[in-house]
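Worksheet: the structure to be examined is printed underneath.
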Amino acid sequence: DTIDKPLFFARKFDPTIDETILDWLDEKISRRDLSNSAFYLQNIYHINDDENNLNKLLKLIDSYARTILIDYQEHRRNCFRNDTIQLEQIHSIFQSSLYQGYSLQYKYNDGEQIEILIRLNSFTTINSQQVKRFEIGQGLDSKEIVFIDRSRTFMEPKLVKVLIEWESMTDNDTSLVINSPSGAVLQRVKLLPSIEPLIIDVVFPVVSSPEMIGIWQMSIIKENHENFLASLNFVVLLSDEDQTLHIRYLTILKKFWSISNMCTTNINSSLCNNLSNQTQIITSSDCFQQRWSYFFYDMKSDW
């Protein structure tokens, strides 16, 4: 005799693929409008983690985010002695399966918390209906054909991968061109029509040099007319810990990334009443009202 038993299965979750599916299922099951529900947050750092495990890019993003807190902290010091700030969490943010950037959550020693949303300034530009997808990264999920890393910011890369998927392509006069920050061509690859996604390896010099530092451009062009079918930018930095380079890196990051939002969890204090209104930084809002924030109430969490 056989007995019916529940069948469970598990698979790796990728927000760019599965979030839309799960949201659709949630709406069908709950019969509720979830269009204003919380964004999807993918935790990539927590205060309980070893801070030494933060990669170079996240440390730079942290340094960049802290620049906007300086003015705010100076005003706080008029109210609190020995004011300190601690990085609590970093999340990758997704909305409707689209990557939005990073949120960084900080905590002051009086309990007030601040979250900063940092977005990419540069996105893929597709000028032709022939191009369906044009992406770059290092970690590729070969099964789902999606990049695990989406920051387009690479630390001293030796190889990055380019993903191209055609909507319709029959021409043989198309090329992928990679230009360095100075405009020099690093690589030119002939592209052929294909039903399957193309995955192309872009190889960088074995010996890295300061000339590699900066914002690179990658384009799909028509050879005969130099028409741009699609283009995207990405950043290359070195692993060098030199302080001069660190300052240069922050300058580059400020061009490639932008601080687009900031929110706080206000602390009631007679010493620092309406403190945030005294600062010159981006107008802050209540984290509990921001869909991208860790503190935003997700209506699905109590199901």
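Would you work out if the stretch 81-125 is rounded, prolate or oblate? Take a ≥ b ≥ c from the square roots of the eigenvalues of the alpha-carbon gyration tensor; rounded if a/c is under 1.5, else prolate when a/b is larger than b/c, oblate otherwise. Here the stretch 81-125 falls in the prolate category.
Rounded, prolate or oblate: pick one for the stretch 173-218, where a ≥ b ≥ c are the square roots of the eigenvalues of its C-alpha gyration tensor, a/c under 1.5 means rounded, and failing that, prolate if a/b is larger than b/c, else oblate.
Values: a/c = 2.96, a/b = 2.11, b/c = 1.40.
Cα axes put the stretch 173-218 in the prolate bin.
If Lys and Arg each add +1 and Asp and Glu each add -1, what is the summed charge of the other residues whose beta carbon sits under 13 Å from the beta carbon of PHE295?
Values: positive: LYS107, ARG291; negative: GLU88, GLU112, GLU115, ASP286, ASP298.
Net local charge, PHE295 excluded: -3.
Overall, the anisotropy analysis places the stretch 125-239 in the oblate class: the square-rooted eigenvalues a ≥ b ≥ c of its C-alpha gyration tensor yield a/c not less than 1.5, with a/b not exceeding b/c.
The listed peptides 250-258, 108-116, ordered by packing as a protection proxy, come out as 108-116, 250-258 (highest mean of other Cβ atoms within 10 Å first). Peptides 124-133, 84-93 ranked from most to least packed by the mean count of surrounding Cβ atoms within 10 Å: 84-93, 124-133. Taking packing as the residue-averaged number of other Cβ atoms within 10 angstrom, the listed peptides 236-248, 209-221, 174-186 run from highest to lowest as 209-221, 174-186, 236-248.
Bear in mind these aren't lab numbers, they're just calculated from the coordinates by the rules spelled out. Remember, it's a predicted structure, so these values are computed and weren't measured experimentally. Virtual Cβ from ideal backbone geometry, glycine too; neighbours counted across all protein chains shown.
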